[in-house]
Amino acid sequence: MAQGKRSALRAILVSAALLAACGTAAAANYRYDIKKGQQTKLGMIQTYNVATCYSGPIPTYKIVQPAHGKISIRKISAPFEKTRCKGKIGHGLEMSYRPDPGFTGRDRGKVTFYYPMHVETSQKRASAHNFVFDVK
């Protein structure tokens, strides 16, 4: 595979309301005010090739579930937002949180995404996202 193609395939960007950085070892921290008993969308993550706007690989992930609720992740197809590929359809993941029935107070969870670093290897880089939910 040509070096230019490899470089383009490795160029993974994130288009998300809550995810500002991709592939960093440092954790990102987010806080949400949540209505009691209500499911809340946390954001979505999509990867794409910056040269072609083709949708990239969907990252794998690990969830550390909150003690008093559940973080859910589902696969989606949606238009890219806030990128040069705006409006083109890409594949990705959408995250949401729902507190347990009757729960109010503070809850915490974590999602770590694993992005492929190279097409030819199984190496991945991790991007951790810590969530604090204030359920009222």
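Which one of the conditions (1) surrounded by 16 or more Cβ atoms within 10 Å (Cβ to Cβ); (2) without any contact (Cβ under 8 Å) to a residue 12 or more places away in the chain does C53 fail to meet, given that it meets all the rest?
So C53 meets the others, but not (2).
Could you list, in sequence order, the residues of segment 44-55 that are in a loop (DSSP other than H, G, I, E, B), touching a strand residue (DSSP E or B) at 6+ places or on another chain (Cβ under 7 Å) and more than 18 Å from V111 (Cβ to Cβ)?
Listed by number, the list holds a single entry, Y54.
Quick one: Q46 ticks every box in (1) modelled with pLDDT of 90 or more; (2) closer than 21 Å to P116 by Cβ except a single one, so which number is it?
(1) is the only condition that Q46 fails.
State all residues of segment 83-107 that are charged (D, E, K, R), closer than 26 Å to T52 by Cα and part of a strand (DSSP E or B); if no residue qualifies, say none.
Hit for segment 83-107 is E94, nothing else.
In segment 93-110, which residue that is of a type in the set (S, T, Y) and either without any contact (Cβ under 8 Å) to a residue 60 or more places away in the chain or closer than 21 Å to R74 by Cβ (or both) is surrounded by the most Cβ atoms within 10 Å (Cβ to Cβ)?
That would be Y97.
Each row is one residue, and each column tells you yes or no for (1) over 17 Å from Y115 (Cα atoms); (2) modelled with pLDDT of 90 or more; (3) part of a loop (DSSP other than H, G, I, E, B).
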position: Y30; (1), (2), (3): yes, yes, no
position: K36; (1), (2), (3): yes, yes, yes
position: L42; (1), (2), (3): yes, yes, no
position: S77; (1), (2), (3): yes, yes, no
position: E81; (1), (2), (3): yes, no, yes
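Going residue by residue through segment 78-93, is there one that turns out to be over 12 Å from the mean Cα position of the chain (by Cα), of a type in the set (D, E) and farther than 11 Å from I45 by Cα?
Scanning segment 78-93, I find no residue that is over 12 Å from the mean Cα position of the chain (by Cα), of a type in the set (D, E) and farther than 11 Å from I45 by Cα, so the answer is no.
Any chance you could count how many residues in segment 80-91 are closer than 28 Å to Q38 by Cβ, touching a residue at least 60 places away in the same chain (Cβ under 8 Å) and either surrounded by 15 or more Cβ atoms within 10 Å (Cβ to Cβ) or not basic (K, R) (or both)?
So the count comes out to 3.
The values are calculated or read from the model by the stated rules, or taken from the named source; none is laboratory data. All values reported here derive from a predicted model rather than from experimental measurement. Cβ sites come from the backbone with ideal geometry, for glycine too, and all protein chains shown count toward neighbours.
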